[in-house]
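Novice: Right, I'll just put the structure down here and ask away after.
The values are calculated or read from the model by the stated rules, or taken from the named source; none is laboratory data. Predicted, not measured: the structure shown is a model, and the values here were computed from it. Here the Cβ is made from the backbone with ideal geometry for all residues, glycine too, and neighbour counts use every protein chain on show.
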Amino acid sequence: MKIISSDFKWAFALTPRSVTTHLILHHAGVSSASTAGIHAYHLSKGWAGIAYHYFVTKSGEIYSGRPENMRGGHTTNWNYCSIGICFEGNFETEHMPEAQIAAGRELVADIVARYPSIVIGRHSDFGQTACPGKNFPLDRIECSKNTEPQKDAEVSDSPSDWAKSACLWAVEKCLFQGKGDNRYHWHEGVTREELAVIMERASKLFMA
């Protein structure tokens, strides 16, 4: 994963963050945005500078914002314990491109690997806001937290050869997620409840 470094000048000294318990996801709220533009806008509001730790573009590029070990300014009452990621776009009206979803999922997976117990949520889960929009594909981005199969998974958890490519595609698209033991149990039956969840995920995928 490549993260493009940014060399921002801060209006005042940043405060180190001593605890990291949450990962909060945002959208820019406009169709086209950049880290430089966000930094300038946040400076105009009297802030230290760009409030987010990372910024993911529609084309799948990942930019750094505030240093990850510093407090952000993205979510009132939660900046002391959270990392903030902003996604370019307005997902009240737009749908996220596949390249952006893939980059966001990779970035989230990298953060989760370093903070295994981190809680992932939308900005709207922590305050009165529509951010990151009703079309934000949280289920496809956060699936990296619990869909990675264990490297020592038993052979019985591997799909049959005739279905392997389809199963791998379904995992990549987050239609299937690992169970509590991080395995997929390909040869087990599916309940009606599980089927309903899969159908809902598929509808979101194909409507995007």
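Novice: Mind counting the residues in the stretch 2-24 that are under 14 Å from residue 78 (Cβ atoms) and in a strand (DSSP E or B)?
Specialist: 3
Novice: Looking at the stretch 116-131, which of its residues are part of a loop (DSSP other than H, G, I, E, B) and surrounded by fewer than 16 Cβ atoms within 10 Å (Cβ to Cβ)?
Specialist: Answer for the stretch 116-131, where residues must be part of a loop (DSSP other than H, G, I, E, B) and surrounded by fewer than 16 Cβ atoms within 10 Å (Cβ to Cβ): 116, 117, 127, 128, 129, 130.
Novice: Residue 141 is checked against (1) aliphatic (A, V, I, L, M); (2) at pLDDT 80 or above; (3) crowded, with 16+ Cβ neighbours inside 10 Å; (4) not assigned by TED's automatic domain parsing to the domain that holds residue 111 and fails just one. What number does that condition carry?
Specialist: For residue 141, the failing item is (4).
Novice: Only one of these conditions is not met by residue 44: (1) out of contact with any Phe, Trp or Tyr (no Cβ under 7 Å at 6 or more places or on another chain); (2) closer than 25 Å to residue 105 by Cβ; (3) modelled with pLDDT of 95 or more. Which number is it?
Specialist: (2) is the only condition that residue 44 fails.
Novice: Okay, moving on. So how many residues does the stretch 47-82 have that are farther than 23 Å from residue 124 by Cβ, among the polar types (S, T, N, Q) and part of a loop (DSSP other than H, G, I, E, B)?
Specialist: Total satisfying the criteria: 2.
Novice: Okay, moving on. Residues that are touching a Gly at 6+ places or on another chain (Cβ under 7 Å) and either assigned to a loop (DSSP other than H, G, I, E, B) or surrounded by fewer than 12 Cβ atoms within 10 Å (Cβ to Cβ) (or both): does the stretch 25-40 have at least one?
Specialist: yes
Novice: Could you tell me which of the residues 164, 204, 134, 151 is among the basic types (Lys, Arg), farther than 19 Å from residue 106 by Cα, at pLDDT below 80 and surrounded by fewer than 14 Cβ atoms within 10 Å (Cβ to Cβ)?
Specialist: Answer to the check: 164.
Novice: Ok, one more. If we keep just the residues of the stretch 50-62 that are in contact (Cβ under 8 Å) with a residue 40 or more places away in the chain and within 14 Å of the chain's Cα centre (by Cα), which is surrounded by the most Cβ atoms within 10 Å (Cβ to Cβ)?
Specialist: 56
Novice: With the requirement that a residue be under 16 Å from residue 38 (Cβ atoms) and surrounded by fewer than 22 Cβ atoms within 10 Å (Cβ to Cβ), what does the stretch 80-90 give you?
Specialist: 90
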